[in-house]
Amino acid sequence: MDEADGSSGRFTVSIRLHETFIVARVASELDYTSAALLHRQVEDAWATTRSAGLVLDLGEVTFCDSMGIGVLVLLLKQRREQQSNLVLSNLPPLLERILTITGLRTAFQVVPSVEEALQTVQPPSRA
């Protein structure tokens with residue numbers, strides 16, 4: 001787990017492996033000071049595992065700026081290039097609204113909880 005200082009708390013990323021998925025729990029502000037940290041942590045975990053996908057648990061995100069949205073889009077693009085899944089879970093209302101307003105909501109697979117993501121999301125076919 002890594003941390004970065006945010007104006008209203010400590011940004012944390014907690015990463016764990018659950019069967020074939022990396023689960024990254026993100027807390028505090030996802031902004032210009034923390035977006036690179038999230039990306040680095042996810043990519044480090046991705047490089048050391050053979051994962052079918054990534055679940056981002058965003059339930060404790062209190063703020064998100066354009067850099068935060070940018071890192072979500074970058075992670076989505078990278079997972080698609082690797083023919084794997086990215087699932088957003090526990091999406092806070094603020095982040096749901098930002099993704100909807102920007103037209104990005106439909107680009108992401110969103111489920112209510114990490115548990116649901118792990119139960120319902122199937123690894124992509126590698127045809």
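Condition check: among the small types (Gly, Ala, Ser) and more than 22 Å from Glu116 (Cα to Cα). Does Ala24 satisfy that? Spell out how you get there, then give the answer.
Details: among the small types (Gly, Ala, Ser): yes; more than 22 Å from Glu116 (Cα to Cα): no.
Considered against the rule, which asks whether it is among the small types (Gly, Ala, Ser) and more than 22 Å from Glu116 (Cα to Cα), Ala24 comes out as no.
Figure legend. Inter-residue proximity from segment 84-101: first residues more than 12 Å from Ala24 (Cβ to Cβ), second residues assigned to a helix (DSSP H, G or I), beta-carbon distance below 6 Å, spacing 6+ or different chains. Indicated pairs: Leu99/Arg105. Among the residues of segment 79-126, those identified as touching a helix residue (DSSP H, G or I) at 6+ places or on another chain (Cβ under 8 Å), among the polar types (S, T, N, Q) and either over 25 Å from His18 (Cα atoms) or modelled with pLDDT of 95 or more (or both) are Ser89, Asn90, Thr102.
Of the residues Thr62, Thr12, only one is touching a residue at least 24 places away in the same chain (Cβ under 8 Å), assigned to a strand (DSSP E or B), surrounded by 13 or more Cβ atoms within 10 Å (Cβ to Cβ) and among the hydroxyl-bearing types (Ser, Thr, Tyr); which? Explain how you work it out, then say what you get.
On the way: Thr12 fails: touching a residue at least 24 places away in the same chain (Cβ under 8 Å).
Just a single option satisfies the conditions, and that option is Thr62.
So in segment 15-53, with the set limited to residues that are in contact with a Phe, Trp or Tyr (Cβ under 6 Å, 6 or more places away or on another chain) and modelled with pLDDT of 95 or more, which one is surrounded by the fewest Cβ atoms within 10 Å (Cβ to Cβ)? Only one residue fits best here, namely Ser28. Within segment 70-122, being β-branched (Val, Ile, Thr), part of a helix (DSSP H, G or I) and under 21 Å from Ser34 (Cα atoms) holds for Val71, Val73, Ile98.
Checking the condition under 15 Å from Ala107 (Cβ atoms) and of a type in the set (Asp, Glu), which residue from Glu43, Glu60, Glu81, Glu29 passes? Break it down into steps so the answer makes sense when it comes.
On the way: Glu43 fails: under 15 Å from Ala107 (Cβ atoms); Glu60 fails: under 15 Å from Ala107 (Cβ atoms); Glu29 fails: under 15 Å from Ala107 (Cβ atoms).
Glu81 is the lone residue from the list that is under 15 Å from Ala107 (Cβ atoms) and of a type in the set (Asp, Glu).
Can you find a residue in segment 40-48 that is outside any helix (DSSP H, G or I), among the small types (Gly, Ala, Ser) and touching a residue at least 12 places away in the same chain (Cβ under 8 Å)?
In the first step, residues of segment 40-48 are kept if they are outside any helix (DSSP H, G or I); the result is none.
Within segment 40-48 (the criterion being outside any helix (DSSP H, G or I), among the small types (Gly, Ala, Ser) and touching a residue at least 12 places away in the same chain (Cβ under 8 Å)), the answer is no, since none of the residues qualifies.
Just one residue in the set Leu56, Leu75, Leu94 is closer than 21 Å to Ser14 by Cβ, over 13 Å from the mean Cα position of the chain (by Cα) and hydrophobic (A, V, I, L, M, F, W, C); that residue is Leu94.
The values are calculated or read from the model by the stated rules, or taken from the named source; none is laboratory data. Everything numeric in this text was worked out from a predicted model, so none of it was measured. Ideal geometry is used to build each Cβ from the backbone, glycine not excepted, and the neighbour counts take in all protein chains shown.
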